[in-house]
Amino acid sequence: MESKKNLVLLGFMGSGKSTIGSLLAIKLNLDFIDVDHQLEKEEGISISKIFAVKGEKYFRKIEEKISIKLLKLNNKVISLGGGGFINNNIQGIVLKDSVSFWLNWKNSTLVNRIKRNKKRPLTINANEKQLKKLIKERSEVYYKANYKIDCENLDKNEIVQKIANIYENK
Ligand code: S3P
């Protein structure tokens, strides 16, 4: 099989990286790797527990190590954790060796999704204003991805199709 660059999905929490990533992998007949899941598997505990017991600094350290290890593979669909691309070392490898897509949504859509999901340690106590500030700060980094996909008016199959078309024509 021809060796192709990894397809990397990035974006804020709640942007659908895992859902879209697994559908894309099926469509493109590639393996799917979710960095968060892989990290939980390797550490043997949930991300919430890692934040609670060992703290965010420790989490970021292993997030960097595992993301970089996985990004060295080829022909994979990889979804990063929401903070992965903010790390300069991870970002450098993504920009050099993969085709990257930012799943972009309106702030209000992301805020509503995050408020409904109580599992994310970083945002569990955040109010709407704090979340919007974080989305704004992160978006200034996410925009460096190779492609920005405006997802707001698309259903998930349309998002998958759009990304697959770009990737396959590279
Ligand atoms: C984080 C996002 C989470 C997870 C961790 C930190 C972040 O991943 O890696 O809770 O800093 O944005 P998802 O974006 O998959 O929820």
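Which pairs have Cβ atoms under 7 Å, sit 6 or more apart or on different chains, and link a residue in the stretch 60-83 that is under 10 Å from S98 (Cα atoms) to one that is hydroxyl-bearing (S, T, Y) and modelled with pLDDT under 95?
So the pair list comes out as N74/S3; N75/S3.
Cβ contacts < 7 Å: first residue crowded, with 20+ Cβ neighbours inside 10 Å, restricted to the stretch 3-24; second residue of a type in the set (D, E) and not in a helix (DSSP H, G or I), any location; separation 6+ or different chain. Result?
Short answer, once both residue conditions are applied: G21/D34.
In the stretch 72-83, how many are under 13 Å from the mean Cα position of the chain (by Cα) and either of a type in the set (S, T, Y) or within 14 Å of N6 (Cβ to Cβ) (or both)? Lay out the reasoning, then the answer.
Initially, the stretch 72-83 is screened for residues under 13 Å from the mean Cα position of the chain (by Cα), giving 77-83.
Within this subset, residues satisfying the condition of being either of a type in the set (S, T, Y) or within 14 Å of N6 (Cβ to Cβ) (or both) are 77-80.
Final tally of qualifying residues: 4.
Suppose we filter the stretch 111-125 for residues that are more than 24 Å from A145 (Cβ to Cβ), assigned to a loop (DSSP other than H, G, I, E, B) and out of contact with any Lys or Arg (no Cβ under 8 Å at 6 or more places or on another chain); how many remain?
4
Filter the stretch 84-110 down to residues that are in a helix (DSSP H, G or I) and among the charged types (D, E, K, R) and give me whichever is nearest to L7 (Cα to Cα).
The residue in question is D97.
Identify, please: which residue in the stretch 1-60 is within 10 Å of I78 (Cβ to Cβ) and assigned to a helix (DSSP H, G or I) and is, among those, nearest to the ligand (Cβ to nearest atom)?
K17
Which condition does D34 not pass, out of (1) under 24 Å from K96 (Cα atoms); (2) in contact (Cβ under 8 Å) with a residue 40 or more places away in the chain; (3) surrounded by fewer than 19 Cβ atoms within 10 Å (Cβ to Cβ); (4) charged (D, E, K, R), if it passes all the others?
With (1) under 24 Å from K96 (Cα atoms); (2) in contact (Cβ under 8 Å) with a residue 40 or more places away in the chain; (3) surrounded by fewer than 19 Cβ atoms within 10 Å (Cβ to Cβ); (4) charged (D, E, K, R) applied to D34, the lone miss is (3).
Please go through the stretch 140-161 and pick out each residue that is part of a helix (DSSP H, G or I), touching a residue at least 12 places away in the same chain (Cβ under 8 Å) and within 17 Å of the chain's Cα centre (by Cα).
V141, Y142, K156, I159, V160
Of the residues I78, I124, I149, which is within 14 Å of the ligand (Cβ to nearest atom) and touching a strand residue (DSSP E or B) at 6+ places or on another chain (Cβ under 6 Å)?
After applying the criteria, what remains is I78.
Being surrounded by fewer than 14 Cβ atoms within 10 Å (Cβ to Cβ), without any contact (Cβ under 8 Å) to a residue 60 or more places away in the chain and more than 18 Å from S67 (Cα to Cα) is the filter here, so list the residues in the stretch 43-54 that pass it.
K49, V53
Can you tell which of S79, S100, S108 is among the polar types (S, T, N, Q) and under 14 Å from Q38 (Cβ atoms)?
Among S79, S100, S108, only S79 is among the polar types (S, T, N, Q) and under 14 Å from Q38 (Cβ atoms).
Would a scan of the stretch 55-71 turn up a residue that is of a type in the set (V, I, T), under 11 Å from the mean Cα position of the chain (by Cα) and under 21 Å from A145 (Cβ atoms)?
No, the stretch 55-71 contains no residue that is of a type in the set (V, I, T), under 11 Å from the mean Cα position of the chain (by Cα) and under 21 Å from A145 (Cβ atoms).
The values are calculated or read from the model by the stated rules, or taken from the named source; none is laboratory data. It should be emphasised that the depicted structure is a prediction, and the values quoted were computed from it without experimental measurement. Here Cβ is always computed from backbone atoms with ideal geometry, including for glycine, and neighbour counts include all displayed protein chains.
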